[in-house]
Amino acid sequence: MKIKFPLVVIGAQWGDEGKGKIIDIFSQQADYVVRFNGGNNAGHTVVVDGEKFPLSLLPSGVLQEKHLCIAQGAVIEPSILLKEIDFFEKRGTKVKLTIDPRVHVVMPYHKELDRATEVWKGKKATGSLHLGIGYCYEDKNNRFGVRFEDLINPKLFKEKLEMFFPLKKRQIELVFGQKTNLTIEKIYKEYIDYGKKLKKYLGDVSLLIQNELNSHAELVSASDFTKNRSRNKFGMTNKNKKVLFEGAHGTFLDGVFGTYPYTTAVYTISGSVFPYVGISPRKIYSLGVVKAYTTRVGNGPFPTELFDKTGEEIRKNGGEFGTVSKRPRRCGWLDLCLLRTAKRLSGFDYIALTKLDVLSNLSSIKVCTHYLIGSRKYQEVPSLMTEFSKCKPVLVEFKGWKKDISQVNKFQDLPGEAKIYIKFIEKKLQVPIYYIFVGPERSQTIYC
Ligand code: GDP
Ligand code: MG
């Protein structure tokens, strides 16, 4: 079946659903791939011909040499971004990238503050990777941040550092009682150098994407219109460009609608694409990426979590260890309450069901249909987190298929038990499952 653009790809659970692979596949059809939220705490792995490409900042469309954008809702850690660019350029991949000047920059003091805070929180730590992302967003929202624009303006950058750093240093040393070796001079030298290297990627992503989506005829000037005969009478280009928006993280890591406070600092639901890129509202098709079971990294409630051998088996078979963190991911059964909520929040038009092969050697597979607290029934994730942590999953059991499905490429060829499992999910969610993944390679994909 054919997928429509513009398209936003959203993880329907707690992340690591396999968004990287699906974006890599769709990028073949897209003209632009836009990363619009999160920082280098979001890791994707794309596998091509057995070669693994772990990515944390560059959109997964890099392998297709598409025009990549980092929109204002994302934050960049320049050293990591430069390493990723360098990696791809060295292997002969052309990196065409535009970074919005409004993108915020993760500073070394954000990382130090992050670490200090987690130590201070002790047992209540959120499980942050100490990458400073949360602190970077805090400064962004508090208008105390460094934007990409500042990195390429030495005078302004120096002034900003002189204003920000003394306070950050006091926080690290006097509030948290930790030592820091950072100085204004050290930071300035390192970051101005990053600015020099990244300057060539500067561009207004909001304007670029808005223009390509063809909605604001006024943005195209009259002189452009007469110069360019391919534009119609409204000054629009005749052919819409295909834009793919790559959501980082999963729905339940959303800073508001996720399992707060065990979340990221940003919105991860589909509607956030409008302010995070800087485009006006319109229909954007939404694809939910659903892993055939559930995983999560870090702390927080997880009603269908497995603590037994089955959980270990899923972790082992699914390689459920963080791309960035290498931490073992918590594993459990598929949870329809999570998926109903994710569908409602992001308006899924299509679903990609991933990692189905991981369940292949289980003799029985369970799915949570709803939660109970006492006799009270919940179809969705409750809005009160105090309730969510008390929810008991009600599970239905399916017979496993106990067959290797990793080479299957047609729905008809799947074992009957697998078809029943897939049809059940589709029926419960009332969203068509368009893609089924049976392995990490591009070729291990069933197009339904
Ligand atoms: P993302 O953050 O949503 O992009 O997902 P990650 O890349 O963090 O995690 C997904 C992992 O599963 C990656 O290592 C993928 O290569 C791998 N993967 C993706 N789809 C499948 C699949 O259908 N089967 C298996 N076995 N692995 C998959
Ligand atoms: Mg990931």
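The values are calculated or read from the model by the stated rules, or taken from the named source; none is laboratory data. Every value quoted in this text rests on a predicted model; they were computed, and no experiment measured them. Cβ: placed from backbone, ideal geometry, glycine included. Neighbour counts: every protein chain shown. These accessible areas exclude ligands, DNA and RNA; they are computed on the full protein's heavy atoms, side chains included. Shrake-Rupley method; radii C 1.70, N 1.55, O 1.52, S 1.80 Å.
Maximal additional length on extending the ARG102-LYS4 stretch stands at 32.4 nm, based on 0.36 nm per residue less the C-alpha distance. Largest accessible area first, the listed residues MET385, MET107 line up as MET385, MET107 when surface is computed with a 1.4 Å probe on the assembled protein chains. Running a GNM on the chain with Cα contacts under 10 Å, which residue among GLU246, GLU305, GLU190 ends up with the highest mean-square fluctuation? Among GLU246, GLU305, GLU190, the largest mean-square fluctuation in the Gaussian network model of the chain belongs to GLU190. For the range 257-337, lysine pairs with C-alpha atoms less than 25 angstrom apart, excluding pairs fewer than eight positions apart on the same chain, total 5. CYS448 contributes an accessible area of around 40 Å² to the protein surface, as traced by a 1.4 Å probe with all chains present. Rounded to the nearest 20 debye, the dipole magnitude of the range 13-158 is 320 debye, with +1 charges on Lys and Arg beta carbons, -1 on Asp and Glu beta carbons, and the Cα centre as origin. What the Cβ-Cβ distance of VAL396 and LYS419 gives, at R0 = 25 Å and to the nearest 0.05, is a FRET efficiency of 0.95.
Relative contact order for the range 56-101: 51 percent, from Cα pairs under 8 Å spaced at least 6 residues apart, divided by residue count. Electrostatic tally near SER79: other residues with Cβ closer than 12 Å to its Cβ, Lys and Arg +1, Asp and Glu -1, net -2.
Which of rounded, prolate or oblate describes the range 277-422 when judged by the alpha-carbon gyration tensor and an a/c cut-off of 1.5? Rounded shape, in that the Cα axes give a/c under 1.5.
Taking all protein chains as shown and a probe of 1.4 angstrom, VAL290 keeps an accessible surface of around 0 Å². Using a probe radius of 1.4 angstrom, the carbon and sulfur fraction of the accessible surface of the chain is 53%.
With the simple spin-label model, which puts each label point 7 Å out from Cα in the Cβ direction, the THR386 to CYS448 separation comes to 4.0 nm.
Under the shape rule built on the C-alpha gyration tensor, where the axes satisfy a ≥ b ≥ c, the range 85-160 is oblate, since a/c reaches at least 1.5 while a/b does not exceed b/c. Straight-line reach from LYS96: taking Cα to Cα under 18 Å and skipping same-chain neighbours fewer than 8 places apart, the aspartates and glutamates in range are ASP24, ASP31, GLU65, GLU84, ASP86, ASP204, GLU212, GLU246. Here the chain is assigned +1 on the Cβ of each Lys and Arg and -1 on the Cβ of each Asp and Glu. Its dipole about the Cα centre then comes out at about 420 debye.
For the pair GLU138 and LYS403, the difference between a 0.36 nm per residue extended length and the Cα-Cα distance amounts to 90.5 nm. Each helix, a run of at least 4 DSSP H residues, gives -39500 (n - 2.57); summed and divided by the residues of the chain, these come to -9000 deg cm²/dmol at 222 nm. If you plug the beta carbon distance of VAL119 and GLU312 into 1/(1 + (r/R0)^6) with R0 = 41 Å, you get a FRET efficiency near 0.85.
Once the Cβ-Cβ distance of TYR260 and PHE176 is raised to the sixth power relative to R0 = 22 Å, the FRET efficiency obtained is 0.40. For the chain, what's the relative contact order in percent, using C-alpha pairs closer than 8 Å and at least 6 residues apart? Reported as a whole number, the value is 19 percent. Local charge sum around ILE373 (other residues, Cβ-Cβ under 12 Å, Lys/Arg +1, Asp/Glu -1)? Overall, the nearby charge balance is +3. Counting pairs of alpha carbon atoms under 8 Å apart in space and at least six apart in sequence, what relative contact order in percent does the range 31-130 give? Result for the range 31-130 is 25 percent. Think of the range 1-46 as having a plus end and a minus end, set by charges on the Cβ of Lys, Arg, Asp and Glu; of ILE22, GLY39, LEU7, LEU7 sits farthest toward the positive end of this dipole. Protein heavy-atom accessible surface, 1.4 Å probe, per residue over the chain: 44 Å².
The figure for THR117 is an accessible area of roughly 20 square angstrom, using a 1.4 Å probe on the protein chains alone. Dipole check for the range 249-372: with +1 at the C-beta of Lys and Arg, -1 at the C-beta of Asp and Glu, and the Cα centre as origin, the magnitude is about 140 Debye. Assuming a ≥ b ≥ c are the square roots of the Cα gyration tensor eigenvalues, decide whether the chain counts as rounded (a/c under 1.5), prolate (otherwise, with a/b larger than b/c) or oblate. Oblate is the answer for the chain, as a/c is 1.5 or above yet b/c matches or exceeds a/b.
Sorting LEU156, LEU55 by solvent-accessible area of protein heavy atoms yields LEU156, LEU55, largest first, with a 1.4 Å probe.
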